[in-house]
Structures are given as structure tokens and as C-alpha cells.
Amino acid sequence: MKKNKAFKFRIYPNKEQQIMFAKTFGCVRFIYNKMLADKIEHYKQTKQMLRNTPAQYKEEFPWLKEVDSLALANVQLNLEKAYKNFFRDPKIGFPKFKSKKSNSLSYTTNLVTHNICIENGKIRLPKLDFVRMKQHREIPDGYKLKSVTVSQTPSGKYYASILFEYEKQVQEHELQNFIGLDFSMHELYKDSVGCEPAYPRYYRNAEKRLKRAQRKLSLMQKGSNNRNKQRRIVAKLHEKVSNQRKDFLHKKSRAIVENYDCVCIEDLDMKAMAQSLNFGKSVADNGWGLFTSYLAYKLEEHGKKLIKVDKFFASSQTCSCCGYKNKETKNLSVRAWDCPQCGAHHDRDINAAINIRNEGMRIALAN
């Protein structure tokens, strides 16, 4: 079975290479907006879809020839994908124009006749010489390079995300060790064993520093060099919080995958919860959605399973010992309760995690 895996490395371009990256980012944005505008105008006039390509614009805009043609070709694929997604599900939204003020920049190029290679801690990219790279891990044998996505973060750092294709036969594990995880606003989760990860709440800890830096940024004149410097300081603070969160979630998800064959969680709508006035910051801070995505791909790599229990399943109201349904626990302030039927004492979150595990076991064994 063919699988894809990406390795992300930080790269250190020199001044000339930074200029070329900036040109490519600008051309990618321009061609996307130009093609989208022409598609919209053509549809207004003819009520038909325009089939345009980046090549037809190179005569009118000769500076497009200075950058990697494959990067422009990928723009066409991305735009067509955005159109297909919109027609498949209008809720996704119509393709939007890319802003020149965006600080997150990227482009993708593909491997064609050895135009991309990795040698001695450097990576060669089309239209560029070798770019210095911090290769923190070796590429396994049998991995075939497919494409590279070069990106620049708001803090000004450059990264190369290298996509590889490889053959792997994943052997399905016999499901023996199950664990249930109940989402918790402060601890990230509580499991069916009674453990919690004691999430450090990185954003909350950095909130005061972020407020000071953002207040200082808001007082600076737009377009000035000092404002741009301060913008990078704010971006670095956000980037640090993001990296701390990802590191914590990777380690916790890895520990769970190594010890259990099947992980059972609730299928929660995190976007709706994040938009809540009461829970927005806490939901965004603990990164439950990111955590579940890490669990999903790591479990899949090891032939294990992630079971999602319906969000309307009454995990918090049901006694995990006798099955009695206590409607009083709908009140979120009730953190512990005694079952009126069997007398068992329950911690709200641990009881919910046990019920989620039991329901997940039922679903997994039934399939």
C-alpha cells in the first residue's frame, strides 16, 4: 500500500534566495487572484466556466517566467480544487482572493527530472541553488520524494515541507486494550483510568506578555519599520505558544498510542465550542482538535483504531456501574455525584470517560 508522509525542515536562504522566494510568493498570489477574477468575469458574461491556465498569462506578464513554473501550475490545481469543494458543499464558501497583507506565505513545487534533491544538509529547489537546511532526521530508505512546499511564517522563518511516497503494509492490531477520553476544558482530557495530563495552558500563561506586545503594536504607525519589527515580536510570541502546544500534544498522543490498541472519544464540534463566549479561549488554548488529529494518524500508522462516539451520547448522565441515567448532571457545575440506584460515587469526567470507552468498545466489536 502506497502512503504519503511529509517531513518539515527549517531552511536558511541567503539574501538572493530570499528575494527569489519573495518573487515566487508574489507571483503565486498574483496568478491565483488573476485567474479567479477572470473566471468570475467570464461566468458573469457567458454563464460558463472558464478553463484558464498560468501559461496564457506569461506573454502579458513576462515577469511570471522568472519563477518556478511548477509553482504556478500548482496554483491552478488549488483553484480548481477550491471550486470543486464549493460546488460539492456550498457551506465551504466561494474561493476568496489572496491578500497582499497576509504574513503566512507558501508555494508548492513538484519533482521533475531530479530538479529537487537533498545533499549534505542542503536542498536544491527549482530556480534556486542549494539552500541550507537543518535536517533533524534522516530520510528512511525507500522513500520517494514527490513535492516540496516552501513557506514563510509571520515571524520571518522559512520552512520546507517535503512530501515522500513509500510502500507500507499496515498490519491490523487485535483490539484488546481500550481507553476512553473525555474532553476537559482545563486538563485537556480525563481518561477512563482516572488520569489527566495536567495541561500547562500555554496561551493563558503568555497572555500578559501578548497583551503588552499587541498594545504596543497598535500604537505604532502603519507601514513604519518599527511597526514591522513589533509585528514580528508578536508573531514570535504566538509561534512559541503554538510550538509548545504541539510538542505537548505530540508527546501525549504518542504515549497513548504506544499503550492502547483503540482510543474512544466524543465526536465534538470544536468550531462551535471555540465560538462560544464562555469557552472560546480555553478551547483554543488546549487544542483538542489538533490532539485528536495527531491521535488519528498515529493510530492508523500502527494499525490501531480511533472510535468517535456520537456527541449526543449521554456519557456524563449515565452511571457507568448500573446504567442509571441521572438528568441532574446536565448542570455543568455538578462535578461529582452519587448514583441514586446503586449508590456508586462518580467523578463527572472519569465516569463520562468510562462510558465513552464502553460505547466505543461496543461500536468497535460490532464492526
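Read-outs: derived from the displayed coordinates by stated rules, not from any lab. Please read these numbers as outputs of a predicted model, since none were measured by experiment. Cβ atoms come from the backbone with ideal geometry, glycine included; neighbour counts cover every protein chain shown.
Quick notes on this one:
- Using every pair of distinct Cα positions in segment 112-186, the Kirkwood expression returns a hydrodynamic radius of 16.2 angstrom.
- Summarising the strand pairing of segment 18-177, around 100 percent of its internal DSSP beta bridges are antiparallel.
- Length added when fully stretched, Cys322-Ser106, from 0.36 nm per residue minus Cα-Cα: 72.3 nm
- Segment Tyr166-Arg10, extension gain: residue separation times 0.36 nm, minus the distance between their alpha carbons: 53.9 nm
- Projected-area mean, the chain, by convex hull of Cα positions, square nanometres: 24.1
- Within straight-line cross-link reach of Lys44, lysines at Cα separation under 29 Å, skipping those fewer than 8 residues along the same chain: Lys34, Lys58, Lys81, Lys84, Lys91, Lys96, Lys98, Lys100, Lys101
- Net lengthening on full extension, Glu80/Asn331 (0.36 nm per residue, minus Cα-Cα): 85.6 nm
- q = 0.21 Å⁻¹, segment 32-90: log10 I(q)/I(0) [Debye, one scatterer per Cα]: -0.86
- Between helix 69-88 and the chain: long-axis angle, C-alpha atoms, 0 to 90°, nearest 10: 40
- Principal-axis tilt of helix 225-259 within the chain, Cα atoms, nearest 10 degrees: 50
- Residue exposure proxy: Ile350, Ile363, ordered by other Cβ atoms within 10 angstrom of their Cβ from fewest to most, comes out as Ile363, Ile350.
- Near Val334: Cβ cut-off under 9 Å, other residues only, Lys/Arg at +1 and Asp/Glu at -1. The net charge is +2.
- Spin-label model, Lys2/Lys236: points 7 Å from Cα along the beta carbon direction are separated by 4.3 nm.
- Local net charge near Lys134, Cβ-Cβ under 15 Å (Lys/Arg +1, Asp/Glu -1): +4
- A simple spin-label model places the labels of Phe94 and Arg204 4.2 nm from each other, with each point 7 Å out along Cα-to-Cβ.
- Neighbourhood charge, 11 Å Cβ-Cβ cut-off, centred on Val112 and excluding it, Lys, Arg +1 and Asp, Glu -1: 0
- Using a Förster distance of 35 Å, the FRET efficiency for Lys222-Phe61 (Cβ separation, nearest 0.05): 0.75
- Against the chain, whose longest principal axis is taken from its Cα atoms, helix 15-46 shows a tilt of about 80°.
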